[in-house]
Amino acid sequence: MNILSAVLFSLFFLGIIGVVINRLHLLSLLLCLELLLVSLFLNISTWSQIHDELVYLNFSILLLTFSACEASAGLALMVSLSRSHNTDLLANINLLQT
Amino acid sequence: MVFYLFMLLLLLGSTLVFYSLSPYYAALGLMISSLFGCVVLTSLGLTFLALLLLLIYMGGMLVVFVYSSALSADRYPMVSNLGEVVLLFLLLSFWVLFIFEDFLESSTLFNLLSPLNDLSSLSVLYDYGGAYLLVGGLALLVVLIVALVVSYGSSLLALRSL
């Protein structure tokens, strides 16, 4: 495996771990989700350019569009949560806890 | 050789997103990683995709992130842990450079024949793939309405009443 594939794989893996294990802020979780989607875009684009399959370049542009949709929906949720709880910290969003 | 430096800077941006305590440094890391992702795409020949990523990601989505974090995130976040981020970046770069030792073939980088691949595959989106364009536009419209409804909640006034 070459170095570019290793770097893009580690980007993807850091994004997944950053979404799963998140300590403090909701905004850093959303930013790790954006890192995940950027790594997917870079992965599909470079893989299809290196292996000469040009169909998937079209798909990666649509992926970018839907990642923008997802980011804006997540940010609207964060704004609404921060208005009701007055904070962004994940430890304080515990109204549903037993 | 400069190409591998740009790839390591991409890795630096991603460790900044992943490991920083304050979300403002994470947004900076996302900007850095998308910028150097554009550089990687350009050196492979996908110049139009790099332009799209720069315009839409940095010019659209990160601006929205900055505005909504000014609206809702903490005003005084914790002190950053940049030393640990740099240490994690050095560990990951040593892992990448010394275990995965295959370099890219020199025919794929800076190839003068390939810069029209992304344009010619995007033109299908307007011709035979018109339905995908329509669905994408409708999805954006739906998400616009969703963002407005979710962030306004049940109040009919302006968003922030301080």
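Is it fair to say B:LEU52 is more than 21 Å from the chain's Cα centre (by Cα) and buried (at least 16 other Cβ atoms within 10 Å of the Cβ)? No. In segment A:29-47, the residue that is surrounded by the most Cβ atoms within 10 Å (Cβ to Cβ) out of those that are aliphatic (A, V, I, L, M) and either at the interface with chain B (Cβ under 7 Å from one of its Cβ atoms) or not in a helix (DSSP H, G or I) (or both) is A:LEU31.
Among the residues that make up segment B:127-135, is at least one of them modelled with pLDDT of 90 or more, farther than 20 Å from B:GLY37 by Cβ and buried (at least 17 other Cβ atoms within 10 Å of the Cβ)? Among the residues of segment B:127-135, at least one is modelled with pLDDT of 90 or more, farther than 20 Å from B:GLY37 by Cβ and buried (at least 17 other Cβ atoms within 10 Å of the Cβ), which makes the answer yes. Entry remark, segment B:60-96: residues being without any contact (Cβ under 8 Å) to a residue 12 or more places away in the chain, farther than 20 Å from B:LEU9 by Cα, part of a helix (DSSP H, G or I) and within 11 Å of chain A (Cβ to nearest Cβ) number 7 in total.
More than 10 Å from chain A (Cβ to nearest Cβ) and within 14 Å of the chain's Cα centre (by Cα): does that describe B:VAL17?
no
Select from segment A:13-28 the residues that are facing chain B (nearest Cβ under 9 Å) and assigned to a helix (DSSP H, G or I) and list them in ascending order. The answer is A:LEU14, A:GLY15, A:ILE17, A:GLY18, A:LEU26, A:LEU27, A:SER28.
Quickly run through segment B:11-28 and pick out the residues that are out of contact with any Phe, Trp or Tyr (no Cβ under 8 Å at 6 or more places or on another chain) and within 18 Å of A:PHE9 (Cβ to Cβ). Matches in segment B:11-28: B:SER14, B:VAL17, B:PHE18, B:TYR19.
The values are calculated or read from the model by the stated rules, or taken from the named source; none is laboratory data. Every value quoted in this text rests on a predicted model; they were computed, and no experiment measured them. Neighbour counts are summed over all protein chains in view; Cβ atoms, including those assigned to glycine, are modelled from backbone coordinates with ideal geometry.
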